[in-house]
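Visitor: Structure below; questions to follow.
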Amino acid sequence: MSDRLIFFDTTLRDGEQVPGCQLNTIEKIEVARQLEQLGVDVIEAGFPASSPGDFNSVVEISKAVTWPVICALTRAVESDIDAAAQALQYARYKRIHTGIGTSDEHIRYKFNSTREEIIERAVAAVKYAVSKKVDEVEFYAEDAGRTDNEYLARVVDAAVKAGATIINIPDTTGYCLPDEYGAKIRYLMEHVDGLANGKAILSTHCHNDLGMATANTMSGVLNGARQVEVTVNGVGERAGNTSLEEIAMIIKCHHATIPLDFNIKTTRIYPTSRMVSSLMSMPVQFNKAIVGRNAFAHSSGIHQDGVLKNSQTYEIMDPKDVGLDDNNIVMTARSGRAALKHRLVSLGIKVDPKQLDRIYEAFLKLADKKKELNDDDILMLAGADTAAIKHVKLDSLQVTTGKGVTPIAAIRLNVAGEEFEAASTGNGPLDASIKALKQIIHRKMTLKEMTIQALSKGSDDVCKVHMQVENDGHLYYGFGSDTDIVTASVEAYIDCINKFKPQ
Ligand SMILES: [Zn+2]
């Protein structure tokens, strides 16, 4: 049996179904890129048939990342599978994830069908997905947790014979006990030829309604499952899905008894957790395992003393392994270049000396405006530096705005080394700024989508602007951040312009 555990991340599909926490396409791309850095094997990018927005997200994520397999979810319906195949066209590795409910409750009430008919529909869906010439087809037996094992084995056997190479066994309602779920996985491993001979692998997909998602997933892995479906911070509907970071650290800490290889770079766990939490506006509970604020904080005096003498006294993990430095330093304008570099490395970001110089310069400017800089600020500065080569740069921006005055903006741009200035009025400070900018940059462009987000808290906080600008029928995504919301917005607009195809 394979000794590699595949991490299938569904933060952007199942995880994103939390009411009020939906991400727009720009944010999904940002998360997908971070997941790629984290080392996930498969990114479930969406359910293309569910909405044009979801379809578009799968397309854009496919373009934005290179290494992970991109997966699209479907029902056992041909038009869903058509949409998934089309949405995946730009992905380097494509996977269609199709399936159907197999518990008696689903068969009777959801499909008004019979067990035999469900098997036929499952087989037809898998064969149709295979006919789309994607790299892999995964089959899910929805509500497998409540499906009896003998029937489930027949469904799985039929799906494998039809061409599925990954079989997902979801505990959709989060009801299974760990022993029961593990026994289910073992039963399938022993009763389905295609699993025993390695033609297909089993995948876990557990929900946390009774707080057992991680335990069930581990029970599945110990009994032979070789893919885990997880989300960052365990986000998801109701009580959420299995946490990626928990499974990764369990396998790492218990490597001697569970010798499975995996691709997750655990030092990137903490920054990924912070990014997902801030983009989804979903705080992580303080005592959450691995990524909670208190996960490594030893408050009792005796414990502190023990930790200082030898961290192994009370800690089973090194905080550095999850990308968290044990001394969570707040940085200020007095912090040196070395301290900044140390902080970046502990956040899982490697920089060369030139990049460090640029980030340090930006760091000092920001520390001037905001006294204390935390990890989110550092991550933002590092992210802003990735687009280092810029054709168009914002030199200065002066805006007059407020109630009872006509907003007016004066802008100075550096375009390929040459200085240009313009001024304009508008119905607001951003409108005035963009109108002034358009007097310098004569390209046909339209702002399509924009979100403004505070990084942490306080009126002196840094704001991050995500923007989508259309030019020549193409959409471009840009980011900007500053303590000034108008400057951040104009920077995001310019970031889009810098990505335009040459005329
Ligand atoms: Zn689910």
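Visitor: Which FRET efficiency value, to the nearest 0.05, is calculated for Gln17 and Glu117 with the Förster distance at 30 angstrom and r the Cβ-Cβ distance?
Guide: Here the calculated transfer efficiency is 0.60.
Visitor: Here's another thing I want to ask about it. About the Cα centre, and with charges only on the beta carbon of Lys, Arg (+1) and Asp, Glu (-1), how big is the dipole of the stretch 1-156? Nearest 20 debye, please.
Guide: 380
Visitor: If you rank Arg358, Arg443 by fewest surrounding Cβ atoms within 10 Å, what's the result?
Guide: Ascending Cβ contact count within 10 Å gives the list Arg443, Arg358.
Visitor: Suppose only helical runs count, i.e. DSSP H with n ≥ 4. What mean residue ellipticity at 222 nm does that imply for the chain under -39500 (n - 2.57) per run, divided by all residues and rounded to the nearest 500 deg cm²/dmol?
Guide: Taken over the chain, the calculation gives -11500 deg cm²/dmol.
Visitor: Which of Leu455, Gly480, Val40 sits farthest toward the positive end of the charge dipole of the chain, with +1 on the Cβ of Lys and Arg and -1 on the Cβ of Asp and Glu?
Guide: Gly480
Visitor: How much length, in nm to one decimal, is gained on full extension between Ala289 and Arg154, taken as 0.36 nm per residue of separation minus their Cα-Cα distance?
Guide: Gain on extension, Ala289 to Arg154, equals 44.8 nm.
Visitor: Find the relative contact order for the chain and round it to a whole percent, using C-alpha pairs within less than 8 Å whose residues are 6+ positions apart. Before the final figure, lay out each step's value.
Guide: On the way: 1004 pairs, mean separation 48.5, N = 503.
In percent, rounded to a whole number, it is 10.
Visitor: Provide the convex hull volume over Cα atoms per residue for the chain, in Å³.
Guide: Given the Cα convex hull of the chain, per-residue volume reads 169 Å³.
Visitor: Oh, and also: Among the lysines in the stretch 1-150, how many pairs, 8 or more places apart or on different chains, have alpha carbons under 13 Å apart?
Guide: Number of lysine pairs found: 4.
Visitor: Label Asn197 and Asn263 with points 7 Å out from Cα along Cα→Cβ: what is the distance between them in nm?
Guide: 2.7
Visitor: Which lysines have a Cα lying under 18 Å from the Cα of Lys390, excluding residues fewer than 8 positions away in the same chain?
Guide: Of all the lysines, those that pass the test against Lys390 - Cα under 18 Å, at least 8 places apart if same chain - are Lys354, Lys438, Lys499, Lys501.
Visitor: I'd like the FRET efficiency for Glu470 and Tyr175, computed as 1/(1 + (r/R0)^6) with the beta carbon distance as r and R0 of 51 Å, rounded to 0.05.
Guide: Computed FRET efficiency for Glu470 and Tyr175 comes out at 0.60.
Visitor: So how much slack lies between Asp135 and Asp368, counting 0.36 nm per residue of separation and subtracting their Cα-Cα distance, in nm?
Guide: Separation in residues times 0.36 nm, less the Cα-Cα distance, equals 78.7 nm.
Visitor: Given bins 5 angstrom wide, list per bin the percent of all Cα-Cα distances in the stretch 392-497, short to long.
Guide: Percent of Cα pairs in each bin: 3, 13, 22, 24, 22, 11, 4, 1.
Visitor: Can you put Ile378, Ile81 in order of Cβ neighbours within 10 angstrom, beginning with the fewest?
Guide: Details: Ile378 21, Ile81 26.
By the 10 Å Cβ count, ascending, the order reads Ile378, Ile81.
Visitor: To continue, here is another question. In the stretch 158-298, what percentage of the DSSP-assigned beta bridges are antiparallel, given to the nearest 5?
Guide: 10
Visitor: If you average the alpha carbon positions of the stretch 386-462 and of the stretch 39-66, how far apart do those two centres end up, in angstrom?
Guide: 31
Visitor: Something else about it: Can you tell me the dipole magnitude for the stretch 436-487 around its Cα centre, using point charges on the Cβ only (Lys, Arg +1; Asp, Glu -1), in Debye to the nearest 20?
Guide: 200
Visitor: Using +1 on the beta carbon of Lys and Arg, -1 on that of Asp and Glu, and nothing else charged, what's the dipole of the chain about the Cα centre, debye to 20?
Guide: 1200
Visitor: Rank these for me by crowding, Thr10, Thr173, going from fewest to most other beta carbons within 10 Å.
Guide: Ranking Thr10, Thr173 by Cβ neighbours within 10 Å, fewest first, gives Thr173, Thr10.
Read-outs throughout are calculated quantities, based only on the coordinates presented, and are distinct from any laboratory measurement. Just so we're clear, the structure is a prediction, and the values are computed from it rather than from any experiment. Please note: Cβ atoms are built from the backbone with ideal geometry, for glycine as well, and neighbour counts cover all protein chains shown.
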